[in-house]
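What follows is a single structure, written as structure tokens, with notes after it.
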Amino acid sequence: MNTLNQQYEEKVRPCIDLIDSLRSLGVEKDLALPAIAVIGDQSSGKSSVLEALSGVALPRGSGIVTRCPLELKMKRQKSGEEWYGKISYQDHEEDIDDPADVEKKIKEAQNEMAGIGLGISDELISLEIASPDVPDLTLIDLPGIARVAVKGQPENIGDQIKRLISKFIKKQETISLVVVPCNVDIATTEALKMAQEVDPDGERTLGILTKPDLVDKGTEETVVDIVHNEVIHLKKGYMIVRCRGQKEITEKVSLTDAIEREEAFFKDHTFFNALYDDGHATIPKLAEKLTLELVHHIEKSLPRLEEQIEVKLAQTQAEMERYGSGPPTDAAERLTFLIDKVTAFNQDALNLTVGEELRCGEKLNVFSALRREFAKWRDLLDRSGDDCKCNLVQTQDHEKERLDWI
Ligand code: GDP
Ligand code: MG
């Protein structure tokens, strides 16, 4: 089981289950489910962090590897159901049967969309994975921010990538992880600036320091200060993680082993063991923190949902009242209840024949309909009277003439 999932099961799952059960009760408007996006410079370790969190192998390495935004939609299945994957981009859609094929398929998709080489594309690759071992969550892997275009890349590649990133991190339901390697000066990171622009209060931005094993000797204390939120302040603070390096990937160190190595690394580190002790280090701790953020997000959206439910409830109650009370439980009372209903029905049938108001029926007011009809009839009679008078006068005149003549 991957690390994020363990945390998720305990804390977020009850929230998601609550939403699911509300949905099955027919609450139409669903809650926008949370997403986690990672942003940072090229090769800062974004894909590695996502991979360690989700347990799904993603393409990573040096240079520009993530060339299209990749939306990884994870869906939890009941235990015992088979792993299932589907990749879609543009008008292409393909099922993936083997988890080991995921990386290859993503690379193929990127080549298809951004061309073979180093270009990037705005278009989204969507990867859906259903498994009993993943949480219901969307992760977004984004291309890294490039400062200078290398050969074969358009001049404005930096701007292109930034535009693309802000499109994703602007969304309110997205939590942004700003990834910065330990061996880089954090103050110069563009990603942090971008995150602060779209989320000035830092409500949904988390700083992640990576590659602590590659830290410049002598700068360890600065890194500790950063993680302690003493250098560039972020409301949500920082975490530090160690993922698999290129060598470990070549040696096929599994994700589970990598978690153990990570723990040992922090525990034994002269400077960073303090960060381990106060809960600021390792992927499992990061997963724990993210989970809390997700729960917070869902809880924040609940009042809106509650409002909708109240409105619906009031409507339904009004409708129920029109039907009156239901049959009583007691057998004898039930009989009286039935007799009452039959009598009411008979009464209505009678009323209908004499044009009276109905007890149970609705919108059937005979009187007003009749009044309209009578008004029309009276009009007709009035006019007919005039004609009749006129005819009578004419007939009288004729008769007089005839008598005169005689
Ligand atoms: P991205 O471009 O930001 O997505 O970065 P990747 O996740 O592809 O990582 C770039 C390279 O850094 C890969 O070769 C990773 O194996 C390596 N890497 C990532 N995290 C660490 C780490 O904590 N320590 C070491 N030594 N290497 C890492
Ligand atoms: Mg990447």
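The values are calculated or read from the model by the stated rules, or taken from the named source; none is laboratory data. Values in this document were obtained by computation on a predicted structure and should not be read as measured data. Cβ: placed from backbone, ideal geometry, glycine included. Neighbour counts: every protein chain shown. Heavy atoms of the whole protein, side chains included, go into the accessibility calculation; ligands, DNA and RNA do not. Shrake-Rupley method; radii C 1.70, N 1.55, O 1.52, S 1.80 Å.
Structural remarks
- The stretch 263-369: trypsin sites (Lys or Arg not before Pro) in DSSP loop, at most 15 other beta carbons within 10 Å: Arg359, Lys363
- Cross-link partners for Lys171 among the aspartates and glutamates, with Cα-Cα distance under 12 Å and sequence neighbours closer than 8 places in the same chain left out: Asp199.
- Charging the Cβ of each Asp and Glu at -1 and of each Lys and Arg at +1, and nothing else, the dipole of the chain about its Cα centre rounds to 500 debye.
- Among the listed pairs Lys46/Lys170; Lys78/Lys162; Lys170/Lys267; Lys86/Lys167, those beyond 30 Å (Cα-Cα): Lys78/Lys162; Lys170/Lys267
- Cross-link reach list, lysines versus Lys11, counting only Cα pairs under 17 Å and skipping chain neighbours closer than eight places: Lys75, Lys285, Lys289, Lys300
- Full-stretch length increase - Val231, Ala332 - with 0.36 nm per residue and alpha-carbon distance subtracted: 28.4 nm
- Computed over the alpha-carbon atoms, the chain gives an Rg to Rh ratio of 1.39, Rh here being the Kirkwood radius from the mean inverse distance.
- Taking every DSSP bridge with both residues inside the chain, close to 35 percent are antiparallel.
- Over the stretch 9-306, Cα pairs under 8 Å with separation of 6+ residues give a relative contact order of 21 percent.
- Solvent-accessible area per residue, Å², over the chain with all protein chains present [probe radius 1.4 Å]: 58
- The angle between the Cα long axis of helix 157-169 and the main principal axis of the chain comes to about 50°, on a 0 to 90 degree scale.
- Helical contribution to [θ] at 222 nm, DSSP H n ≥ 4, -39,500 (n - 2.57), averaged over the chain, rounded to 500: -16500 deg cm²/dmol
- For a straight C-alpha distance cut-off of 17 angstrom, the aspartates and glutamates reachable from Lys247 (same-chain residues fewer than eight places away being disregarded) are Glu51, Asp213, Asp257, Glu260, Glu262.
- Counting protein heavy atoms only, the stretch 9-306 has 49 percent of its accessible area on carbon and sulfur, 1.4 angstrom probe.
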